[in-house]
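The values are calculated or read from the model by the stated rules, or taken from the named source; none is laboratory data. Owing to the predicted nature of the structure, the values given are computational and were not obtained by experimental measurement. We place every Cβ from the backbone using ideal geometry, glycine too, and count neighbours over all the protein chains shown.
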Amino acid sequence: MATSIKHLSYIANDVVQRCAMKVGSSVEELVEEFESFVWKDYNNNNNGGVNYVYGNGGSYSRKLVEFCSAKALKEFCQNIEEEISDGSFSRFTFDLMLAWEMPTSADEDCHTENVAKEREDRKPLKTTPEQDDIPLFYSDIMPLLVNDEPSVGEDAYVWLASVVPLVADVVNGRFTFETLTAPTRNRLHYPAYDKFLREIDKTVKHLQKQTLPKGVELRDDEFIMHVEGTASSQRVIRHIGGTSWPGRLTLTNYALYFEASRVITYEDALKIDFSKDIERSVKPAATGPWGALLFDKAIVYESSELPEGIVLEFPELTSSTRRDHWLTLTKEIMLLHRFLSTYDVKCPIQAWEMHARTILGVIRLHAAREMLRISPPEPTKFLIFALFDEIAKGDYVIEKLAESLEKVNSGNPCCASSILRWLNVRESMVSNLEVEKVGQESLRGPVDSISSLESAINKAREEEKQIVVAKATTDELKEEGITDSTFLLIELLKPLKYVVSWFQQILMWERPATTLVVIAASLIIVYKEWAGKAIAVFLFWVVVEMIRARQRRMSEKMNEIVVCKASDQSTMESVVSAQHGLRTVYELVQMANIMLLKLQSLFISKTRKHADMVMIALSGLAIIVAVIPIKYIIIGAIFYLFTMTSKISQNSGSSQGNRRFKEWWDSIPVIPVRVVDKADERPT
């Protein structure tokens, strides 16, 4: 008769018993070992470096489930390929997540009550815009199949990922879970979970069957991650100048290989090595016939080693899904090697562990695309570096990831590198002796890096959610035409009208008292050299105005900005106004061109008399600036500015100087301009 622990839930008791059978022990022996080592150390705030604690739970029951599952999973992982094929791994790990989520009988009773209440108040699933294109299996049939079956939540899934990085990586596990469970209200059901694991197994076997690139020898720890351009897949085309070459494209965790097609076979592969520490970039590109960039379905790779970029096109009828998929995968590998170089990861154990986690991320992405063929998921949600390279605060997560990598335990049968080995993937060059040594050292290290990594991930997720909400408010503006955008700009610039009008009144002495105050304040600030203090006062004034706006609850009152496009003009008057506006713009462009041409004539002494006058004036100005302190020059400029706009200056006939300057400026000839249609007609 199986031993049952009273305070555990039914599923937790079942899991503990199955764990005891798997490790060849009894439940009593497991409990005794747990209480003697793990629970005792936990109460003393010293876990000995063993990662049994994850998530919010700290109860005895949950930690017992974690301890037993960790021991059983070590046995499962050593035969993981066969366990996935017969479904025992998916069934056991799903029950583990259920037991972790409901470790005690009280949790189970509460869950049962919630399920019963949901059945009474059941409402049809609401479809969000993001779920409109989800395949039929997930959106319609899946909820009917699993409505009455147990399901697991996000925390349980991420906990399992921290123990077995096959189902997800602890870094991006929450993003992966959100993508997989979008149509089922963020609850993972067994049919979907089992299918996901089986697709992972199929993907690994499919990639192992791929032909190696011709003319190159892969490294011992190099693994093929994606291949296209074969007879059974879609085409890949390389563009070199005006020619196009179809071929086979292979991506590994070290390089990208392109083999141009021949009649029967392929040419030797062109290798793009990502492991070299050089400046490189990959970005989307457009291609088309005769240089017309019509099809936005290509990527271009550029580096300091290449004289020109390598352009690869992924033709498809409608969207650019293939291109985006390849672009994301290529970025992931480039960012992986940048990570290893930036954080100086020299230890081969740590480097291969990071390679393994990246490879597993790509495998999970392939599996998810097979599950969601009609609407492929966003690639970055299943990857590590491409994801956190995009989202806010992602660099903090990568930094914490580098710190946690220093405590990697590659001797654990359930780590990423070991899982790849059990899946019969190409093994690394790291010896088993070195793996065992590093594994023993990591068991003695602290595990606070896990909690700091989880904290950084949560902050990045919250920041990303806020940014998504903020970006959603700007999407409508981006879809507006130029007319609406112009009206909006005019509406937003209306407050500046009052500011400009106020300055104009002061400058023209329409408010003499205010003008005198401004002159006195400007002179004192310049003479005392209080420019920094004046800027500080202005910034404090802005802060005070923001506080006043908050006290008046302006954010609640201003829910929208209303822009009126109505006009008192008739249609003909509007057309005439538009013509006048266009003519004004044309005249401004002409004036700018003439001014630049005249300045160029003065610089090259096209007219020697004018150039001599400019050189004498500039020399005199240079002497003045060199001799007289700059603050006195600024004081003089202020006096001159306000004096020229006063009535005294206007009555004294000072406009004569302006007239002479205008006559001098008009007498400067410009260089003749000739417009040609071809670039080779331009003189060198």
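Taking first residues from the stretch 492-513 that are under 20 Å from Ala637 (Cβ atoms) and partners that are in a helix (DSSP H, G or I), the Cβ contacts under 6 Å between residues at least 6 apart in sequence or on separate chains come to Ile506/Thr514; Ile506/Thr515; Ile506/Val518; Trp509/Thr515.
Test Leu312 against the criterion of being at pLDDT below 95, under 26 Å from Gln208 (Cα atoms) and assigned by TED's automatic domain parsing to the domain that holds Glu406, and give yes or no. So Leu312 fits the description; yes. For the stretch 594-630, the candidate set comprises residues that are of a type outside the set (Val, Ile, Thr) and outside any helix (DSSP H, G or I); within that set, the residue that is surrounded by the most Cβ atoms within 10 Å (Cβ to Cβ) is Lys606.
Just one of the listed residues (Ile398, Ile363) is more than 16 Å from the chain's Cα centre (by Cα) and β-branched (Val, Ile, Thr), namely Ile363. When the stretch 317-347 is limited to residues that are surrounded by 14 or more Cβ atoms within 10 Å (Cβ to Cβ) and not in a helix (DSSP H, G or I), the one that is modelled with the highest pLDDT turns out to be Tyr343. Of note, Ser449 satisfies the criterion of being small (Gly, Ala, Ser), touching a helix residue (DSSP H, G or I) at 6+ places or on another chain (Cβ under 9 Å) and modelled with pLDDT under 75. Taking Glu217 as the residue in question, decide whether it is within 17 Å of Ala260 (Cα to Cα) and either surrounded by 15 or more Cβ atoms within 10 Å (Cβ to Cβ) or not hydroxyl-bearing (Ser, Thr, Tyr) (or both). Judged against the criteria, Glu217 is not a match.
Here Glu308 fulfils each of the conditions (1) within 26 Å of Asp344 (Cα to Cα); (2) free of Cβ contacts under 8 Å to residues at least 40 places away in the same chain; (3) of a type in the set (Asp, Glu) apart from (1). Only residues that are within 19 Å of Arg322 (Cβ to Cβ) and without any contact (Cβ under 8 Å) to a residue 40 or more places away in the chain were counted in the stretch 350-364, giving 0.
Yes or no: the stretch 368-378 includes at least one residue that is touching a residue at least 60 places away in the same chain (Cβ under 8 Å), over 19 Å from the mean Cα position of the chain (by Cα) and more than 16 Å from Ala182 (Cβ to Cβ). Checked against the condition, which is being touching a residue at least 60 places away in the same chain (Cβ under 8 Å), over 19 Å from the mean Cα position of the chain (by Cα) and more than 16 Å from Ala182 (Cβ to Cβ), the stretch 368-378 yields at least one hit. Taking the listed residues Ile299, Ile278, the one that is loosely packed, with under 15 Cβ neighbours inside 10 Å, of a type in the set (Val, Ile, Thr) and within 23 Å of the chain's Cα centre (by Cα) is Ile278, with no other qualifying.
For (1) out of contact with any helix residue (DSSP H, G or I) (no Cβ under 8 Å at 6 or more places or on another chain); (2) of a type in the set (Asp, Glu); (3) closer than 27 Å to Ile359 by Cα, each residue gets a yes or a no:
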| residue | (1), (2), (3) |
| --- | --- |
| Ala231 | yes, no, yes |
| Ile240 | yes, no, no |
| Asp273 | yes, yes, yes |
| Arg280 | no, no, yes |
| Leu294 | yes, no, no |
| Leu312 | no, no, yes |
| Thr321 | yes, no, yes |
| Met334 | yes, no, yes |
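When the criteria are applied in full, Thr243 fails the requirement of being free of Cβ contacts under 8 Å to residues at least 24 places away in the same chain, closer than 22 Å to Lys297 by Cβ and surrounded by 15 or more Cβ atoms within 10 Å (Cβ to Cβ). Restricted to the stretch 155-196, and to residues that are outside any helix (DSSP H, G or I) and polar (S, T, N, Q), which residue is modelled with the highest pLDDT? Here the answer is Asn172.
Can we say Phe76 is more than 23 Å from Val38 (Cα to Cα) and either modelled with pLDDT under 85 or surrounded by 12 or more Cβ atoms within 10 Å (Cβ to Cβ) (or both)? Answer is no for this residue. Yes or no: the stretch 576-593 includes at least one residue that is under 30 Å from Pro672 (Cα atoms), in a helix (DSSP H, G or I) and among the acidic types (Asp, Glu). Within the stretch 576-593, one or more residues are under 30 Å from Pro672 (Cα atoms), in a helix (DSSP H, G or I) and among the acidic types (Asp, Glu). Taking Gly657, is it modelled with pLDDT under 85 and in a helix (DSSP H, G or I)? Against the criterion (modelled with pLDDT under 85 and in a helix (DSSP H, G or I)), Gly657 qualifies. In the set Thr181, Thr203, only one residue is hydroxyl-bearing (Ser, Thr, Tyr) and without any contact (Cβ under 8 Å) to a residue 40 or more places away in the chain; that residue is Thr181. Which of the numbered conditions does Glu130 fail, given that it passes all the others? Conditions: (1) at negative phi; (2) surrounded by fewer than 15 Cβ atoms within 10 Å (Cβ to Cβ); (3) at pLDDT 70 or above; (4) under 23 Å from the mean Cα position of the chain (by Cα). It fails just one condition, (3).
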